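Colleague: Below are the structure tokens for one structure; questions will follow.
The values are calculated or read from the model by the stated rules, or taken from the named source; none is laboratory data. Please read all numbers here as calculations on a predicted model, not as lab measurements. Heads up, the Cβs are rebuilt from the backbone with ideal geometry, glycines too, and the neighbour counts pull from every protein chain shown. Note: areas computed on protein heavy atoms with side chains; ligands, DNA, RNA excluded. Shrake-Rupley method; radii C 1.70, N 1.55, O 1.52, S 1.80 Å.
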Amino acid sequence: MTPTKTRNQASMTGGAHLHWRSLGDTGHHRPPVVLLHGGPGLPDYLAEPAPMVADLTPAYRYDQRGTGRSPWTGRHTLACHVDDLAELLDAWNAPTAVLVGHSYGADPAARFCLRHPHRVAAALLLCGPFTGDWRTRYRDERIRRMSRGSRPACAP
């Protein structure tokens, strides 16, 4: 049996519109798998793994705000991405979900787990999350490795 493919747009709080796709029987009673792409700014690239679970439960993918077919509206925060995911689960009539976050997608997935643990059946976080202050050490090390001529003017 060929899994059913669905494409749609959801209107979010604040007027944003998020483009999403599903694969599989969305009337299934098991929690769906939600694949959260990385980036930020990379369009959805997780179409290939979606069929691996679509015969068992629906697989959803969506273009996060500012990516692909989902233009950015409002302030860019991880909290906004968490709210978007909660609203999408409501739109999909999914009280719980299995979250698979890759790279940047692991951040909103992890933060969703912390804010809405009752809505997470399971989570798989790949190449992330980056929840601590990793940027300061990363930037310091990057500048240290640069030649003096390549360093930004404000660098020591």
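Colleague: Report Rg (one decimal) and Dmax (nearest whole number) for segment 54-144, counting Cα atoms only, units Å.
Modeller: Computed over the Cα atoms of segment 54-144, radius of gyration and Dmax are 14.8, 50 Å.
Colleague: To continue, here is another question. Tell me which residues come under 5 Å, amide H to amide H, from A94 once H is placed; ignore anything under 5 positions away on its chain.
Modeller: none
Colleague: Which three extents, in whole angstrom, do the alpha-carbon atoms of the chain cover along their principal axes, largest first?
Modeller: 61, 32, 29
Colleague: Turning to a different aspect of this structure: Can you list the residues, at least 5 places off or on another chain, whose amide H is less than 5 Å from the amide H of S70, using H built in the peptide plane?
Modeller: Counting only residues 5 or more places away or on other chains, the set is H19.
Colleague: Return the percentage of antiparallel bridges among DSSP beta bridges fully within segment 1-125, rounded to the nearest 5 %.
Modeller: Among the beta bridges of segment 1-125, antiparallel pairing accounts for roughly 50 percent.
Colleague: As I understand it, the value is the acute angle between the Cα axis of helix 135-145 and the longest principal axis of the Cα atoms of the chain; what does it come to in degrees, rounded to 10?
Modeller: That helix lies at roughly 50 degrees to the long axis.
Colleague: Return the sequence-ordered ³J(HN,Hα) values of segment 112-122 in whole Hz as given by the Karplus equation 6.51 cos²θ - 1.76 cosθ + 1.60 applied to θ = phi - 60°, using x for Gly and Pro.
Modeller: 5, 4, 6, 7, 10, x, 5, 9, 10, 6, 6
Colleague: So with the 1.4 Å probe, I'd like the accessible area per residue for the chain, rounded to whole Å².
Modeller: 58 Å²
Colleague: Report the relative contact order of segment 1-114, percent, no decimals, based on alpha-carbon pairs under 8 angstrom and at least 6 residues apart.
Modeller: Reported relative contact order: 30 percent.
Colleague: Also, quick follow-up: Considering the Cα positions of segment 28-74, please state its Rg to one decimal place and its Dmax as a whole number of Å.
Modeller: Over segment 28-74's Cα set, Rg and Dmax evaluate to 12.1, 37 Å.
Colleague: Give me a comma-separated list of calculated 3J(HN,Hα) values for segment 41-53, in order, Karplus coefficients 6.51, -1.76, 1.60 applied at θ = phi - 60°, integers in Hz, x for any Gly or Pro.
Modeller: Listing the rounded values in order: x, 7, x, 3, 10, 9, 5, 5, x, 4, x, 5, 10 Hz.
Colleague: Can you work out the FRET efficiency for the pair N8 and H116, with r the C-beta to C-beta distance and R0 = 25 Å, to the nearest 0.05?
Modeller: Approximately 0.70, to the nearest 0.05.
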